[in-house]
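Below: the structure, in structure tokens.
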Amino acid sequence: MVWVDGELLPRARAVVSVFDSGFVLGDGVWEGLRVSGGHPVFLEQHLDRLEEGARALLIDLPTREQLTEAVYATLRANDMLDGVHVRLMVTRGVKSTPYQDPRVTVGPATVVAIAEHKEPLPATVTEGITLFTTHVRRAHPDTLDPRLNAHSKLNDVTACIQAYTAGADEALMLDPDGFVATCNSTHFFLVTRAGEVWTSDGRYCLGGITRANVLEVCRRHDLPARERTFSLTDVYNAAEAFVTGTFAGVVPVRTVDGRTIGTGARGPVVKRLQGLYQELVAEDVASRAAR
Ligand SMILES: Cc1ncc(COP(=O)(O)O)c(C=O)c1O
């Protein structure tokens, strides 16, 4: 069952109008949430990011309580507890005509929540993925702010197409100056030969929730971690590399542009971070269950 504007509908009938701002223009914001023990993990961080995007785009969001209820009601209707991924999408609403100007929007924001049983492949988590550096750059914030988790993902989609047509799993994306920024649907990290964890300075990527939580885990466990500018030469010479995202957590990277990273197998730091990140998830779920 899919939540569409307050109604729970079977998948085949879960539809929005062809006049919806999301359909016409990609004019909306969304979140991908992981569910464990019946609870959406790091819910407040996701709602904060959704609200930030909506505020920047002048989209009138329902309240946090209403959005939270949409997620929980969808989980209850599907009897879903674990191994669940939720896509919460909010668009500007239905328009009177297919035209760009937000002022031709006639309805309230459209809210959709899709919950599905969806797990990463075990091999992805243990053996990792391959990356290909795409020519598609991250945009400057005055072109299309990379901080926005907008419905329009064409910047990432074109990067993704180039990566898979080159035979890789995910695209590594550079900032406008040619430094490493992020990936098309995850954030990129490397581990230097000296054992430091590096991720980009963050100026050209989404405010990643898993990225922030992995940095927090590093701080808590005295793992030296830095947000800094670095190039592909640093990547090719890394001891280990990994990507982060809500769906699969921490995922090792085997190769980048045909270069084997480290030994090509999941390294000790990545394995440790996978465990520590899972502990943080479990802590979050336990605190929700206790409320
Ligand atoms: C472009 C992009 N990068 C990274 C991520 C992963 O971010 P998070 O860790 O918040 O799921 C996403 C997820 O929405 C994304 O769309």
Taking the alpha-carbon distance from Lys118 and a cut-off under 30 Å, which lysines remain once sequence neighbours fewer than 8 residues away in the same chain are dropped?
Lys153, Lys271
Segment 257-282 and segment 111-177 have their Cα centres apart by a whole-number Å value of 19
Calculate, for segment 1-116, the solvent-accessible area per residue in square angstrom, rolling a 1.4 angstrom probe over the heavy atoms of the protein chains.
49
Rounded to the nearest 0.05, what FRET efficiency do Val106 and Glu196 give with R0 = 45 Å and r taken as the Cβ-Cβ distance? Could you check?
0.25
Whenever you get a sec, compute what percent of the accessible area on segment 2-119 sits on carbon and sulfur atoms (1.4 Å probe).
55
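How long are the three semi-axes of the equivalent ellipsoid of segment 2-119, in whole Å, if each is the root of 5 times an eigenvalue of the C-alpha gyration tensor, listed from largest down? Don't skip to the end; give the middle numbers.
Values: eigenvalues 125, 51, 22 Å².
Taking √(5λ) for each Cα gyration eigenvalue gives 25, 16, 11 Å.
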Asp82 accessible area, 1.4 Å probe, all protein chains in place, Å² to nearest 10
80
For Lys95, give me every one of the aspartates and glutamates with a C-alpha distance below 18 angstrom, ignoring sequence neighbours fewer than eight places off in its own chain.
Asp5, Asp20, Asp27, Asp60
If I model the chain as equal point scatterers sitting on the Cα atoms and use the Debye formula, what is log10 I(q)/I(0) at q = 0.16 Å⁻¹?
-1.33
May I ask you to compute the full-extension gain from Asp79 to Ala286, defined as 0.36 nm times their residue separation minus their alpha-carbon distance, rounded to one decimal in nm?
72.6 nm
Where the only charges are on Cβ atoms (+1 Lys, Arg; -1 Asp, Glu), what is the dipole of the chain about its Cα centre, to the nearest 20 debye?
280
Using heavy-atom solvent-accessible surface (probe 1.4 Å) with all chains present, what is the largest-first order of Lys271, Lys118?
Lys271, Lys118
Computed over segment 2-119, the relative contact order (Cα-Cα under 8 Å, seq sep at least six) in percent reads 36
Which value, in nm² and rounded to one decimal, describes the direction-averaged projected area of the C-alpha convex hull of segment 123-284?
8.9
So how exposed is His221, as accessible area in Å² (1.4 Å probe, rounded to 10)?
70
If you roll a 1.4 Å probe over the heavy atoms of the protein chains, what accessible area per residue do you get for segment 123-284, in Å²?
44
Expressed in nanometres to one decimal, the distance between label points 7 Å along Cα→Cβ at Asp60 and Asp142 is 3.2
Solvent exposure ordering (accessible area, 1.4 Å, most first) of Ile129, Ile161:
Ile161, Ile129
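Take every Cα pair under 8 Å in the chain that's 6+ residues apart, average their separations, divide by the length, and report that relative contact order as a whole percent. Intermediate results must be reported in sequence, preceding the final value.
On the way: 589 pairs, mean separation 51.7, N = 291.
RCO, the chain: 18 percent.
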Distance from the Cα centre of segment 190-208 to that of segment 1-76, in angstrom?
29
At 1.4 Å probe size, put Lys153, Lys95 in order of accessible surface, largest to smallest.
Lys153, Lys95
Using the beta-carbon distance between Leu9 and Thr263 and R0 = 30 Å, what value does 1/(1 + (r/R0)^6) give for FRET efficiency, to the nearest 0.05?
0.05
Taking all protein chains in place and a 1.4 Å probe, what share, in percent, of the accessible surface of segment 209-291 do carbon and sulfur account for?
49
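The values are calculated or read from the model by the stated rules, or taken from the named source; none is laboratory data. Just so you know, these numbers come straight off a predicted model, no measurement behind them. For neighbour counting, all protein chains shown are included, and Cβ atoms are generated from backbone atoms with ideal geometry for every residue, glycine included. SASA here: full protein model, heavy atoms, side chains in, ligands and nucleic acids out. Shrake-Rupley method; radii C 1.70, N 1.55, O 1.52, S 1.80 Å.
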